[in-house]
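Reading through the structure tokens given below for one structure.
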Amino acid sequence: MDFSFSEEQQLLKDSLQRYLEREYSFEARRKRIKAGTGLSAEVWRALADMGVLGLPFAAEYGGFAGSGVDSMLVMEAFGRSLVVEPYLATVLLCGGLIDQAGSSTQKAYWLPRIAAGNAIMAFAHGETDARHDWCYVSTRAERKGSGFVLRGRKAVVLHGGQAQHLLVSARSEGEPSSATGVSLFIVDAGSAGVQRRDYATIDGLRAAEIDFANVEIDATALVGEYAGAASTIDSVLDRANAALCAEALGALGALYDLTLAYLKTRQQFGVPIGTFQVLQHRMVDVLIHLEQARSLAYHAAFYAHASDTALRRRAVSAAKVQVGDAARFISQQAIQLHGGIGMTEELSVGHYVKRLTMINATFGNIDTHLERFAALA
């Protein structure tokens, strides 16, 4: 497989990295997190102006018809800078679902707004009893006249408190764990009956618990086929997992660079501790884990849009397992080699570790994807 990037992809990668290095320093990020807004309007506008928000969408919707590899480059850069803006929630999840399942009218209305940075959306799908079962949906959507009524609760909705609109999965038919019978609806976050509890997660991002108490919506809110959204959700979550692996790759690369630089400057017995052979061996192990994770993350990005469902699932689950294992190992090594300062708030190392921990737990952890890969093998 050819892992080299095209000229356009390299330009995208370089320009985005330059912007983040200039405008998204560690201290600037800490100030944004402390503000509690969940995103910076200035950064979001800049990402829109660079074309990053519209990257996955067709040109007719203000995008560039980007591939999974293009999204990987963006997410890897975000991971290196620990970006907290809702790119995953708004662009890859909600934008991806509308792009795949939405009507031509819905695409023409929502995708250009997302690409221009004028729409913040969140995918309300996870529930407290679901664990990592993507099919589990107990929130109900019942017909009422020409529209629907939503009842239920969604948990850990990424950027749910900042979203202007929610893309909600609700069961139209069958039992909560049934693999079919799920529909998607676009709901105004300010609708009567929608109650949100916004909170910070350990990695500096925002999430929300959302209750839907007899929320009435009209028929135009339905996205895609009634009771037929399960396969679309499965496909988009696989793409999101591939993107998360790329984000983790950026964070792991930053951890490696930070730790290597520390070993070259921290002195003990009058010499840099990086001259100690045992620490050199540990850094070699870190590099091996990093490169193994990189190979499978690239593999997942390449097959994230594959029409072969089994091939896509195997590639994504293999990457999630390998990246999760590398994240755990490299995080432990980075903290130990930095000594007592490794987990202080003032040092970025601990913030990378927290983000990697959350990535591992998002949309299926190592055990979940290992089981899925084994079932597909």
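No value in this document is a laboratory result; all are computed from the given coordinates. Owing to the predicted nature of the structure, the values given are computational and were not obtained by experimental measurement. No Cβ is skipped: glycine too gets one built from the backbone with ideal geometry, and neighbour counts run over all protein chains shown.
Highest GNM mean-square fluctuation among Glu175, Glu76, Glu42, for the chain modelled with Cα contacts below 10 Å: Glu42. Looking at the square roots a ≥ b ≥ c of the eigenvalues of the Cα gyration tensor of region 7-119, which shape do they give, rounded for a/c under 1.5, prolate if a/b is larger than b/c, or oblate? Here region 7-119 falls in the oblate category. So which lysines can Lys34 reach, going by Cα to Cα under 29 Å and dropping same-chain residues fewer than 8 places off? Within the straight-line limit of under 29 Å, Lys34 reaches these lysines: Lys13, Lys154, Lys354. Tally Lys and Arg at +1 and Asp and Glu at -1 over the other residues with C-beta under 13 Å from the C-beta of Glu127: what net charge comes out? Cβ neighbours under 13 Å give a net charge of +2. Applying 1/(1 + (r/R0)^6) with R0 = 56 Å to the Cβ-Cβ distance of Arg153 and Phe269 gives a FRET efficiency near 0.45. Computed over neighbours whose Cβ is under 9 Å from that of Val157, the net charge equals +1, Lys and Arg +1, Asp and Glu -1. Does region 136-269 come out rounded, prolate or oblate, given a ≥ b ≥ c as the square roots of the eigenvalues of its C-alpha gyration tensor, rounded meaning a/c under 1.5 and, failing that, prolate meaning a/b above b/c? Prolate, because a/c is 1.5 or more and a/b exceeds b/c.
Which GluC sites (Glu not before Pro) in region 225-325 sit in a loop by DSSP (not H, G, I, E or B) and have at most 13 other Cβ atoms within 10 Å of their own Cβ? Those satisfying the criteria are Glu225. Full extension of the segment from Phe5 to Arg140, taken as 0.36 nm per residue of separation minus the current Cα-Cα distance, would add 44.1 nm. Of the trypsin sites (Lys or Arg not before Pro) found in region 115-214, the ones in coil according to DSSP and having at most 12 other Cβ atoms within 10 Å of their Cβ are Arg131. Shown is the FRET efficiency for Asp285 and Met50, computed with R0 = 35 Å from the Cβ-Cβ distance and rounded to the nearest 0.05: 0.45. Each of Thr275, Gln322, Leu337 was scored by the projection of its Cα onto the charge dipole of region 261-377, and the greatest displacement toward the positive side belongs to Gln322; charges sit on the C-beta of Lys, Arg, Asp and Glu.
Relative contact order of the chain, taken over Cα pairs closer than 8 Å and 6 or more residues apart, is 15 percent. Span-like helix criteria (full DSSP H runs; alpha carbon extent of at least 30 Å along the helix axis; mean Kyte-Doolittle hydropathy of at least -1.0) are satisfied in the chain by 230-265, 277-303, 309-338. A simple charge model with +1 on the Cβ of Lys and Arg, -1 on the Cβ of Asp and Glu and nothing else charged puts the dipole of region 1-154 at about 940 debye relative to its Cα centre. Once you have a ≥ b ≥ c as the square roots of the Cα gyration tensor eigenvalues for the chain, tell me rounded if a/c is under 1.5, and otherwise prolate or oblate according to whether a/b is larger than b/c. It is prolate, given that a/c is not under 1.5 and a/b is the larger ratio. Placing +1 on each Lys and Arg Cβ and -1 on each Asp and Glu Cβ, with no other charges, gives the chain a dipole about its Cα centre of roughly 720 debye. Note on Ala59 and Tyr109: with the Förster distance fixed at 25 Å, the Cβ-Cβ geometry gives a FRET efficiency of about 0.90. Once you list every other residue whose beta carbon is under 13 Å from the beta carbon of Ala361, what net charge do they have if Lys and Arg are +1 and Asp and Glu are -1? Taking every Cβ under 13 Å from that of Ala361, the sum is +3.
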